[in-house]
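Peer 1: Mind having a look at this structure? Questions to follow.
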Amino acid sequence: MGRRLRWRRFVSNFMLAMTGVCAGVSVLVLFLILGYLLFNGGTSINWDFFTKLPKPVGETGGGMSNAIVGSGKILLLASLFGVPIGFLGGIYLAEFSGKGTASVVRYAADLLNGVPSIVIGIFAYSLVVLPFKHFSALAGAFALGMMMIPITLRSTEEFLKSVPRMLREGAMALGASKWKTIATVIVPAAYRGILTAILLALARVAGETAPLLFTAFGNRYESHGFSQPTATLPVMIYTYAVSPYEDWHRQAWAAGLVLLGLILIINILARTILSRGIAVPRS
Amino acid sequence: MKRLALLAVGLLTLGAITFADNPLLINGAGATFPYPIYSKWFDMYHGKNPNLQFNYQSVGSGAGIKQVTEGTVDFGATDGPMNDDQLKAYQDKHGSGILHFPTVLGAAVPTYNVKGVTSTLNFTPEALAGIFLGKVTKWNDPVIADANKGTNLPAEDIVVVHRSDGSGTTYIWTDYLSKISDEWKSKVGKGTSVNWPVGLGGKGNEGVTGQIKQTPNAIGYVELIYAVQNNILYGTVKNSSKNFVKADLASVTAAAAAASKEMPDDFRVSITNASGNNAYPIASFTWLLIPEKIQDAGKRDAIKNFLKWMMTEGQGSVEALSYAKLPKEVVAKEEKAISKIQ
Amino acid sequence: MPSAGPVGGSRSFFSRLRDGDEFARLVTLVFAATVVLITAALVWELWINSVLPRQKFGLHFFVTQTWDPIMDEFGALPFIYGTLVTSVVALLISVPLGIGAAIFLAELAPPSVSDTLQFFIDLLAAVPSVIYGLLGVFTVVPLMRTVIYPLLNKPFGFLPIFKGPSYGVGFFTAGIVLAIMVIPYIISVSREVLLSVPRDQREAALALGSTRWESTWKVVVPFARTGILGSIFLALARALGETMAVTMVIGNTPKIAASLFAPGYSIAAVIANEFTEATGDLYLQSLIALGLALFLLTFILNGLARLLIVVTTQKGSGVAA
């Protein structure tokens, strides 16, 4: 009896230790990735990287100033497109809709969320690039904006629904109409969660490359306005990484570091905001 | 709410401001084969004309043909000339035609990264066809070894690298293979995108070069300058006069000699396996695809002026990047053809 | 809910509109409807723009091996094969690791440690595909060539899956990169599902004399197994749709090969590489047909995943989702 029990205890401790190893390995990967990027990219980040345009092929030097600005422009525009749709749609689901319409809208959002990003690129190409006859930041923003909608929609709905009934009823008791209640009481109460969702949606699309391949295309120079082809960080990383030029590899690491740094900062920011809890509406 | 509105207004103003007083942007896309010289040219030309920006994206000849046909770019570039079906498709879609303008002469070279080999290998047409058909699988196969008697070739598997995207360089290479190998012609054929019997795919000349550099015992085909710039070995090829010729300015120019005298009006011509003692057998012109009708007057003039500059002054920069200049007869013909652009 | 107004009577549209609530309802309805519109338009566009291969090849499209743009013959099989093989390899690596980690986080680690580690794992999920590709090209590919291939090919090279030369890139490499990308999904969902298993299940097992591991592995995990399965489906759906990381390390060769070391192609990768250059309607529409097929596949998997996860958490907490 004692032997069997000791064996079982040994197995138990061993297996549980193994699970610890699994967890450790998974977390270690993150730090390895960061470390690798820091090591290879950190040495290549210099002032030129942020301020200069790319040089002709084969020549060393130059930077990615146009790609950084391009990514920024497209993300901004994508948010302007995707966030209002997701936010206002979420309000509809949480506050106004009946069960039937709500499930249809939720179903559509879930469908959209599951579309592979390359397929979104195909859709944006047919809808925006072909009719207007040029690649553009607008097309890229349309693709990325579409990807932001589902996250924003579902999160807005959830966070609005989780606002305590007391707040709602209190406002109604004071005679506020429905939309006034929503605008001045419920949304502010849920704003942390909604803001978090928007930031997370932004972080998710910031690194997307595939949809930009056939929409924003690429630009050797800075693009002006929103209807020109635009260079973006993720596409530059891809192009430079598969090339044979050492200098381009160096720049790809630097760009990777900048991109990942940006995404991680947004993520950490979002989660910190959320973890501070649901705010009590300010008077 | 108010803050949101202010932000939106601010953004739109920002967008609007950046619309004012901008350089004219002309978009092109296509071949990776001439990308090094094109990017140099467009850079130089922008220096001379700061109000003009030629944005050229190196995405492969196939994409160049497709996108210029769709009208999403102002000009295309290819080293595999558009075939009659593609020309017709363009004509049907736009109601006018598209013109080919040769820009430089280049060469597709067999590049390799073989363990222990630091010298230039000689390749016969049979060797190349056999390797790319997947029939010659080891580096020390007699068909390769016989042409390289002094070199110690390892008994390693050959890793073939080809293009994964639609490529004019592929067109040049398969055009050559179709001419020297009946088996290749019937089994695979020539085109910008073929059904490769063996090998890995790399994206663009850049991707193939990168792949070869990193993969031991690899062989692939890239434009000469990519091999030179990246210090990878490339071999000689036996030409139709039975000489092993290495790709360089002289041999590439020699390959174009016969064709230049009989250049067709639309400039679409193949010079692979050209006759001539010193002709390099896998050479080719590369073309810019310019629509016959260009609506925007500013773009039209910019493109026409660039073409004129390209075939005269611009030719001065090509040899430094291992491309050969356009033959005089071809330039003379092209200058007349520019007037076709309306 | 309509605001207070004349009971039973119907007000004119405009008078209802002037009432702020109705206006707000309409505005938000329009936006919600836009979501449905966009999704419907997407599916519609995919369907009508893939009509040519449907007409020409029918269902044969999915079992044909040839991909020949010159001969206008297109078959989806190499890409479906590549997509599935790389995903299976990814799951074989990530599922044991992921479930192990989830067990640790849910059962063993004190809440603060568990939350902190989960935080880092969530960050891992945020790393974009192209960065995984970048790392894959410069770290996993050489690793495959110099370490993993010799390790497996020398002793086991007679097995079809380990045969043949190594290129560095290939199915196996892509599978490894995908495994790293999907582990966070398995961990975070499995952890949640395990946490929702009622305490009395564990306690009953322990009271009957089982060791900690036995109660976890034989009682808790089986209770949560549908949810864990759901997390696997979720991870699979993610792996199937991955584009950039795969196209940078898979070798881009539309061929079916038994060996894991051989180069291959996936649906997403071929679309990314060939879409902008597909001349000819049949070629382009064949690519779009591939995209549609991929979309359907991930859609089904995501739906199943959600179902399984909801069922498990409901079972566990006894509260409606």
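Peer 1: Go through the stretch B:199-213 and give me each residue that's outside any strand (DSSP E or B) and within 7 Å of another protein chain (Cβ to nearest Cβ).
Peer 2: Matches in the stretch B:199-213: B:Gly199, B:Lys203, B:Glu206, B:Gly207, B:Thr209, B:Gly210, B:Lys213.
Peer 1: Could you check how many residues of the stretch C:127-138 are surrounded by fewer than 21 Cβ atoms within 10 Å (Cβ to Cβ) and at the interface with chain A (Cβ under 7 Å from one of its Cβ atoms)? Spell out the reasoning first.
Peer 2: First pass over the stretch C:127-138, keeping only residues surrounded by fewer than 21 Cβ atoms within 10 Å (Cβ to Cβ): C:138.
When the remaining residues are screened for being at the interface with chain A (Cβ under 7 Å from one of its Cβ atoms), the result is none.
Of the residues in that region, 0 qualify.
Peer 1: Another one. Please specify each residue of the stretch C:101-113 satisfying the condition of being facing another protein chain (nearest Cβ under 9 Å) and either buried (at least 24 other Cβ atoms within 10 Å of the Cβ) or of a type outside the set (Asp, Glu) (or both).
Peer 2: Applying the first criterion (facing another protein chain (nearest Cβ under 9 Å)) to the stretch C:101-113 yields C:101-105, C:107-109.
Within the stretch C:101-113, C:Ala101, C:Ala102, C:Ile103, C:Phe104, C:Leu105, C:Leu108, C:Ala109 qualify.
Peer 1: What helices (runs of 4 or more DSSP H), lying completely within the stretch A:167-283, carry at least 3 residues that are within 13 Å of chain C (Cβ to nearest Cβ) and farther than 30 Å from A:Phe123 by Cα? Before you say what the answer is, go through the steps one by one.
Peer 2: Values: elements: A:178-181, A:187-206, A:210-213, A:233-241, A:246-275.
Hits in the stretch A:167-283: A:178-181, A:246-275.
Peer 1: When you scan the stretch A:253-262, do you find a residue that is of a type in the set (Val, Ile, Thr) and over 25 Å from A:Thr215 (Cβ atoms), even just one? Write out each step before concluding.
Peer 2: Narrowing the stretch A:253-262 to residues of a type in the set (Val, Ile, Thr): A:258.
So of that shortlist, the ones also over 25 Å from A:Thr215 (Cβ atoms) come out as none.
For the stretch A:253-262, residues of a type in the set (Val, Ile, Thr) and over 25 Å from A:Thr215 (Cβ atoms): absent.
Peer 1: Further, regarding this structure: Among what's in the stretch C:206-231 and is in contact (Cβ under 8 Å) with a residue 40 or more places away in the chain and either touching a His at 6+ places or on another chain (Cβ under 6 Å) or hydroxyl-bearing (Ser, Thr, Tyr) (or both), pick the residue that is farthest from C:Ala102 (Cα to Cα).
Peer 2: Among residues in the stretch C:206-231 that are in contact (Cβ under 8 Å) with a residue 40 or more places away in the chain and either touching a His at 6+ places or on another chain (Cβ under 6 Å) or hydroxyl-bearing (Ser, Thr, Tyr) (or both), the one farthest from C:Ala102 (Cα to Cα) is C:Thr226.
Peer 1: Would you pick out the residues in the stretch B:29-68 that are of a type outside the set (Phe, Trp, Tyr), crowded, with 24+ Cβ neighbours inside 10 Å and in a helix (DSSP H, G or I)?
Peer 2: Scanning the stretch B:29-68 gives B:Pro36, B:Ile37, B:Ser61, B:Gly62, B:Ala63, B:Gly64, B:Ile65, B:Lys66, B:Gln67, B:Val68.
Peer 1: Just one of C:Val141, C:Val130, C:Val137, C:Val182 is touching a Pro at 6+ places or on another chain (Cβ under 7 Å), among the aliphatic types (A, V, I, L, M) and in contact (Cβ under 8 Å) with a residue 40 or more places away in the chain; which is it? Spell out the reasoning first.
Peer 2: Details: C:Val141 fails: touching a Pro at 6+ places or on another chain (Cβ under 7 Å); C:Val137 fails: touching a Pro at 6+ places or on another chain (Cβ under 7 Å); C:Val182 fails: touching a Pro at 6+ places or on another chain (Cβ under 7 Å).
Going through C:Val141, C:Val130, C:Val137, C:Val182 in turn, the sole match is C:Val130.
Peer 1: Name the pairs whose Cβ atoms lie under 7 Å apart, with the first residue in the stretch A:13-35 and β-branched (Val, Ile, Thr), the second surrounded by fewer than 18 Cβ atoms within 10 Å (Cβ to Cβ), and 6 or more positions between them or separate chains?
Peer 2: A:Thr19/C:Leu108; A:Val27/C:Phe120
Peer 1: Checking B:Lys213 against (1) surrounded by fewer than 24 Cβ atoms within 10 Å (Cβ to Cβ); (2) closer than 23 Å to B:Ser275 by Cα; (3) in contact with a strand residue (DSSP E or B) (Cβ under 8 Å, 6 or more places away or on another chain), which single condition isn't satisfied?
Peer 2: Evaluating B:Lys213 over (1) surrounded by fewer than 24 Cβ atoms within 10 Å (Cβ to Cβ); (2) closer than 23 Å to B:Ser275 by Cα; (3) in contact with a strand residue (DSSP E or B) (Cβ under 8 Å, 6 or more places away or on another chain) leaves (2) as the failure.
Residue-wise test of (1) at pLDDT below 90; (2) within 21 Å of C:Asn302 (Cβ to Cβ); (3) assigned to a helix (DSSP H, G or I); (4) more than 9 Å from every other protein chain (Cβ to nearest Cβ).
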| site | (1), (2), (3), (4) |
| --- | --- |
| A:Val69 | no, no, yes, yes |
| A:Lys73 | no, no, yes, no |
| A:Leu80 | no, no, yes, no |
| A:Pro84 | no, no, yes, no |
| A:Tyr92 | no, no, yes, no |
| A:Val104 | no, yes, yes, no |
| A:Ile122 | no, yes, yes, no |
| A:Leu130 | yes, no, yes, no |
| A:His134 | yes, no, no, no |
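Peer 1: Among the candidates A:Ser117, A:Ser155, single out the residue that is in contact (Cβ under 8 Å) with a residue 40 or more places away in the chain and away from every other protein chain (no Cβ under 11 Å).
Peer 2: On the way: A:Ser117 fails: away from every other protein chain (no Cβ under 11 Å).
Among A:Ser117, A:Ser155, only A:Ser155 is in contact (Cβ under 8 Å) with a residue 40 or more places away in the chain and away from every other protein chain (no Cβ under 11 Å).
Peer 1: Right, here's the next one. Read through the list (1) more than 30 Å from C:Val220 (Cβ to Cβ); (2) in contact with a helix residue (DSSP H, G or I) (Cβ under 9 Å, 6 or more places away or on another chain); (3) at pLDDT 90 or above, then give the number of the only condition that C:Ile48 fails.
Peer 2: (2)
Peer 1: Considering every residue within the stretch C:13-35, establish whether at least one is farther than 27 Å from C:Thr247 by Cα, part of a helix (DSSP H, G or I), modelled with pLDDT of 85 or more and more than 12 Å from chain A (Cβ to nearest Cβ).
Peer 2: No: the stretch C:13-35 contains no residue that is farther than 27 Å from C:Thr247 by Cα, part of a helix (DSSP H, G or I), modelled with pLDDT of 85 or more and more than 12 Å from chain A (Cβ to nearest Cβ).
Peer 1: Now for a different question. Checking B:Asp21 against (1) modelled with pLDDT of 90 or more; (2) assigned to a loop (DSSP other than H, G, I, E, B), only one condition comes out false. Which one?
Peer 2: Answer for B:Asp21: the failing condition is (1).
Residue by residue, here is whether (1) over 21 Å from the mean Cα position of the chain (by Cα); (2) β-branched (Val, Ile, Thr) holds:
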site	(1), (2)
B:Pro81	no, no
B:Asp85	no, no
B:Asp92	yes, no
B:Val117	yes, yes
B:Gly134	yes, no
B:Asp141	yes, no
B:Ala145	yes, no
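Peer 1: Which of the residues belonging to the stretch A:230-256 are over 22 Å from the mean Cα position of the chain (by Cα) and either over 15 Å from C:Val130 (Cα atoms) or of a type in the set (Phe, Trp, Tyr) (or both)?
Peer 2: Residues satisfying the conditions are A:Tyr240, A:Pro244, A:Tyr245, A:Glu246, A:Asp247, A:Trp248, A:Arg250.
Peer 1: Can you find even one residue in the stretch A:39-51 that is more than 17 Å from A:Pro150 (Cα to Cα) and within 11 Å of another protein chain (Cβ to nearest Cβ)? Steps first, please.
Peer 2: Step one: list which residues in the stretch A:39-51 are more than 17 Å from A:Pro150 (Cα to Cα), which gives A:39-51.
From what's left, within 11 Å of another protein chain (Cβ to nearest Cβ): A:40-41.
The answer is yes; a qualifying residue exists.
Peer 1: Quick check: is even one residue across the stretch C:305-315 away from every other protein chain (no Cβ under 11 Å) and closer than 30 Å to C:Ile161 by Cβ?
Peer 2: Just the residues of the stretch C:305-315 that are away from every other protein chain (no Cβ under 11 Å), to begin with: C:307-315.
Cutting the leftovers down to closer than 30 Å to C:Ile161 by Cβ gives us C:308.
Taking every residue of the stretch C:305-315 in turn, at least one turns out to be away from every other protein chain (no Cβ under 11 Å) and closer than 30 Å to C:Ile161 by Cβ.
The values are calculated or read from the model by the stated rules, or taken from the named source; none is laboratory data. Being a predicted model, the structure only gives us computed values, none of them experimental. FYI the Cβ positions are ideal-geometry reconstructions off the backbone, even for glycines, and counts take in every protein chain you see.
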